[in-house]
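Take a look at the structure below.
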Amino acid sequence: MWLSAFPEGIMSRRFTPPRLVRRAMVLSLPTFLVLAGLVIAREMHVLTALALWGLVVVSLVGLIRPGMVDAARVSLWARNLAAGGESPPPPVTPDTPIEEIASSVAQLRRAWQARQHELALLAKWNESLFENLPDPLILLDPDRRVVKFNQSALTVFGRDITGRDLSVVLRNPKVLEAADAVLAGAQARDGSFDLPVPVPRSFQFRIERLGPSPASDAVAVLALNDLTTVKRMEQMRADFVANASHELRTPLATLLGFIETLRGPARDDAEARDKFLGIMYEQGSRMARLVNDLLSLSRIELNEHTPPAESVDFGRIVQAGADALMPLAAPRKMELRVTIDEAARHVVGQADELAQLAQNLMDNAVKYGRDGTAVEISLTMADRLPAAAGPALRDGPAVRLSVRDHGDGIGKEHLPRLTERFYRVDTARSRSLGGTGLGLAIVKHIVNRHRGTMVVESTLGQGSTFSVYLRGTLDQGASPALSASGARL
Ligand SMILES: Nc1ncnc2c1ncn2[C@@H]1O[C@H](COP(=O)(O)OP(=O)(O)OP(=O)(O)O)[C@@H](O)[C@H]1O
Ligand SMILES: [Mg+2]
């Protein structure tokens, strides 16, 4: 194969007889001088000397030709390699310095090829790192145009932005100013901005100069960091503290007001004292309920990452919860109809939490159901699972607890927020019924911890159905194998 890279034409041009003879004549110069000396000293006849010198030149041509051919082949081969060609080392005379040179060049080439392979892998690795980083990254050329962007940036901008000016992609003056400063020579700039469409989002950005690259026009990288979730969490935390203090402050103010009255104007009024003490007891109980609910919520949240493993007789828990509500339902002529499918009686769970879950749902159904209507509670095997069901539910038998009331129902717009802490559809009504607004938040966290899911269906004017899906147990009383997969709600 290498022969085609070194055509004989080239070889013969380089080693024409006159060239070789000229070189041999140069090498035979000392012999020539000695013979000339002998001729001058009349020690040898001129013809003999010329014959001898001719012999030496011919011998030298024969001697140096193979070495020169080898050297030329190796030199052409090395030049071909340097130009990016691919060929094996040329055949040269063995055990000569030229052969050693050829094998050193071959070794050098192998090392260089290995390095090239390493560099290609490294480039590929860098490329996949760039593509898969969770933060959006955009590479810019000196004219502020997008050279390249990663998958995450594609998700944010929703289209191919290659070749576009940054101002078309991100119309934010802060980002553009920072980009211009960096492209004009500044090392780095950072800041934050909001994107109002398609959904409001907040970002932190940093734009930095890149070193020169032989493979790309990119001179700067713009990295975005999506702060939307963090900001939302911060807002929720602030709202939670404000709500919790507000909920506590109202009964506390009522209590203090009545204490003041009892110490002052109503000191000797026995009738007022009895009435006020009744109200104070109610407000005190309300505060105690609120604190208990908050503690429950934080306890459940704390354990949310470890799903319970025991098998629990949920049927008995549901029946006991319904019985406990009878005193509330009976005066309002409400009926609690409980249906328990024996196969669905046992679930994987924690008894106290499941009691709290059932209690909250049934309590709501009684509270928000209309007088004289029935609340239908059923515990059955779930033949179909909602789309939001996680793998833990899909892997085994699932049980469905459904609590249906015939109340006013809940407007669609409220459904997604029902499980937020302190969220109420009708705040005054909930408060007047002694509610803290934490019941469904507790239910949601219990369901999450149990790797279950909850679905709410409601029709205004007709009523609501709250369905909770939990993992059932095939073998009653047995402790099933657990899967630690996450839950959706
Ligand atoms: N079955 C239902 N029918 C109509 N509205 C309901 C029903 N269940 C809950 N809601 C609405 O959802 C809101 C939140 O319910 P949640 O159980 O979290 O709080 P609460 O019942 O007001 O108070 P708590 O349960 O802490 O005593 C309620 O205030 C009510 O407006
Ligand atoms: Mg409730």
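The values are calculated or read from the model by the stated rules, or taken from the named source; none is laboratory data. Bear in mind that the values here come from a model prediction, so they are computed numbers and not experimental data. So basically every Cβ, Gly included, is an ideal-geometry build from the backbone, and we count neighbours across all protein chains shown.
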**Request:** Would you confirm whether any residue within segment 429-443 is part of a loop (DSSP other than H, G, I, E, B), within 22 Å of I300 (Cβ to Cβ) and of a type in the set (V, I, T)?
**Result:** yes
**Message:** Is it the case, given these coordinates, that K148 is modelled with pLDDT of 90 or more, of a type in the set (K, R) and under 21 Å from T228 (Cα atoms)?
**Reply:** no
**Item:** Number of the condition not met by S402 [criteria: (1) part of a loop (DSSP other than H, G, I, E, B); (2) away from ligand 2 (no atom under 12 Å from the Cβ); (3) among the hydroxyl-bearing types (S, T, Y)]
**Value:** (1)
**Prompt:** Which members of segment 416-468 meet the condition of being closer than 25 Å to A382 by Cβ, more than 15 Å from ligand 2 (Cβ to nearest atom) and out of contact with any Phe, Trp or Tyr (no Cβ under 6 Å at 6 or more places or on another chain)?
**Reply:** P416, N448, R449, H450, R451, V455, E457, T459, Q462, G463, T465, S467
**Prompt:** Can you find even one residue in segment 389-406 that is acidic (D, E), crowded, with 17+ Cβ neighbours inside 10 Å, modelled with pLDDT of 95 or more and within 10 Å of ligand 1 (Cβ to nearest atom)?
**Reply:** yes
**Request:** Please state which one of R249, R273 is under 21 Å from D293 (Cα atoms), part of a helix (DSSP H, G or I), basic (K, R) and not assigned by TED's automatic domain parsing to the domain that holds F193.
**Result:** R249
**Prompt:** Scanning for something acidic (D, E), assigned to a strand (DSSP E or B), surrounded by fewer than 16 Cβ atoms within 10 Å (Cβ to Cβ) and modelled with pLDDT of 90 or more, does segment 334-341 turn up at least one residue?
**Reply:** yes
**Message:** List the residue pairs whose Cβ atoms are under 7 Å apart, where the first residue sits in segment 406-417 and is in the same structural domain as A441 (by TED's automatic domain parsing), the second is more than 9 Å from ligand 1 (Cβ to nearest atom) and in a strand (DSSP E or B), and the two are 6 or more positions apart or on different chains.
**Reply:** H406/A374; G409/T459
**Message:** Filter segment 347-369 down to the residues that are among the polar types (S, T, N, Q) and within 13 Å of ligand 1 (Cβ to nearest atom) and list them by number.
**Reply:** Q356, Q359, N360, N364
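Kindly evaluate S192 against the criterion of being of a type in the set (S, T, Y), loosely packed, with under 12 Cβ neighbours inside 10 Å and within 22 Å of K148 (Cα to Cα). Talk me through it step by step, then tell me what you get.
Working: of a type in the set (S, T, Y): yes; loosely packed, with under 12 Cβ neighbours inside 10 Å: no; within 22 Å of K148 (Cα to Cα): yes.
Spelling it out, it is not the case that S192 is of a type in the set (S, T, Y), loosely packed, with under 12 Cβ neighbours inside 10 Å and within 22 Å of K148 (Cα to Cα).
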**Item:** Which numbered condition R206 misses (of (1) assigned to a helix (DSSP H, G or I); (2) within 20 Å of the chain's Cα centre (by Cα); (3) free of Cβ contacts under 8 Å to residues at least 60 places away in the same chain)
**Value:** (1)
**Complete:** For S296, the lone unmet condition from (1) within 14 Å of ligand 1 (Cβ to nearest atom); (2) buried (at least 16 other Cβ atoms within 10 Å of the Cβ); (3) without any contact (Cβ under 8 Å) to a residue 40 or more places away in the chain; (4) not assigned by TED's automatic domain parsing to the domain that holds H445 is (3)
